[in-house]
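Have a look at the structure below, then the notes.
The values are calculated or read from the model by the stated rules, or taken from the named source; none is laboratory data. These numbers come from a predicted model, not from an experiment. Because the Cβ atoms are built from the backbone with ideal geometry, glycine has one as well, and the counts that use them run over all protein chains shown. What goes into the accessible areas is simple: the full protein's heavy atoms, side chains included, and nothing from ligands, DNA or RNA. Shrake-Rupley method; radii C 1.70, N 1.55, O 1.52, S 1.80 Å.
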Amino acid sequence: MINVQGISKYYNSVKAVNKVSFEVKKGQTLILLGPSGCGKTTTLRMLNRLIEPSEGIIKLDGKDISNQQPEILRRGIGYVLQHTGLFPHYTVAENIAIVPKLLNWDKQKIEKRSAELLEKLELEPGKYLHSYPGALSGGQQQRVGLARALMANPPVLLMDEPLGALDPITRSNIRQEFNRLDELREKTIVMVTHDIAEAFELGDNICLMNHGIIQQIGTPYQLLFEPQNSFVKDFFNEQRLQLELTVLSIADVWGHLSEQKHSESTMVSKGENLWEVLDSLQRSGSNRVRVNNPASGEQKVIGYRELMTAYSDFKNSVHE
Ligand code: ADP
């Protein structure tokens, strides 16, 4: 769907982006992650021609975007920014109708789609369509920004720190909503963030950059357990324990998991990650839970000790 081949952007002597290549398949989310100034935003903005690359080729659906008119190209690419870019003197309805109007949709179609989308984004249409952005909370404005990007149902969505301006709790809530939203599930998404937890929660693949250069592209699992250099290894160190427990499922460590001789009725639902199992353990009155291996249907009763031993044994087996 998106194919980037050796793109660079030079500003005089600064190589903001240096020979970056990646592919994003249809329906997948790629996260551009890395420290401030590493070239994430510049890379993103080359994808919709807000910035022209100094070298390299970008193909969308097999077609070189440098041959397409930027305005036409951008109609097929939703764009969501940290500061929503909503027009303060336009109502929500007017803000989200901008692209559909350019596409000559009739009034009825615009109204139907606006109401449908706001509903999905948990903004009651009757209440919010005719409000001005200034009357909405940060989280609500961000949802309107997303609704605007999704209105004309573009196949591709670019997001630049879309949740960056929100407080941690609102961020986390919207992130969970993102994951549940069917409209987003079918989109091909490239998203910039410097928030590691966000990258792991939302990305199918993560492209970790430093000084304009890709350090590694891979799944969250690959970045944690198969780092290609010391930058990648060190980048996740501060949050490594939680990230690894979130990435690993019970099925991953099943072979290392011993069980207690106990009939415990609290069942942890299928396919949970180790972090969620820890949470269930904490909530269980007995410090024991029954876990299920979705691959085989087997069950085991375990406690903290069995869980953490299995995690540790799994890690040792990976590093051997
Ligand atoms: P990030 O999004 O990862 O924070 P950017 O892509 O915004 O990084 O910037 C990458 C590098 O390019 C930085 O060193 C930045 O200072 C430089 N840069 C970005 N835009 C310009 C510009 N218009 N002129 C000169 N340098 C720029």
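Testing the spin-label approximation: label points 7 Å from Cα along Cα→Cβ at Val14 and Glu298. State their distance in nm.
Label-label distance for Val14 and Glu298, simple model: 5.6 nm.
Could you check how much of the accessible area of the chain is carbon and sulfur, as a whole percent, using a 1.4 Å probe?
Ligands and nucleic acids excluded, carbon and sulfur reach 48 percent.
Compute the accessible area per residue over the chain, keeping the other protein chains in place, probe 1.4 Å, unit Å².
Spelled out: the 1.4 Å probe surface of the chain, per residue, equals 50 Å².
Once the Cα gyration tensor of region 1-125 is diagonalised, what are the square roots of 5 times its eigenvalues, in whole Å and ordered largest first, as equivalent ellipsoid semi-axes?
So the three semi-axes of region 1-125 are 32, 17, 14 Å.
Taking Cα atoms of the chain, Rg/Rh with Kirkwood Rh, to two decimals?
Details: Rg = 22.3 Å, Rh = 21.7 Å.
Radius of gyration relative to Kirkwood radius: 1.03.
Could you work out the helix-only [θ] at 222 nm for the chain, with each DSSP H run of four or more residues adding -39,500 (n - 2.57) and the total divided by the number of residues, to the nearest 500 deg cm²/dmol?
So the helix-based figure for the chain works out to -11000 deg cm²/dmol.
Rounded to two decimals, what is Rg over Rh for region 244-320 when you use alpha-carbon atoms and the Kirkwood radius?
Taking Rh as the inverse mean 1/r over Cα pairs, Rg/Rh reads 0.93.
So if each residue of separation counts as 0.36 nm, and I subtract the Cα-Cα distance between Lys112 and Glu177, what length gain in nm does that give? It would help to have the intermediate numbers written out before the result.
Numbers: separation 65, 0.36 × 65 = 23.40 nm, distance 2.17 nm.
Answer, rounded to one decimal: 21.2 nm.
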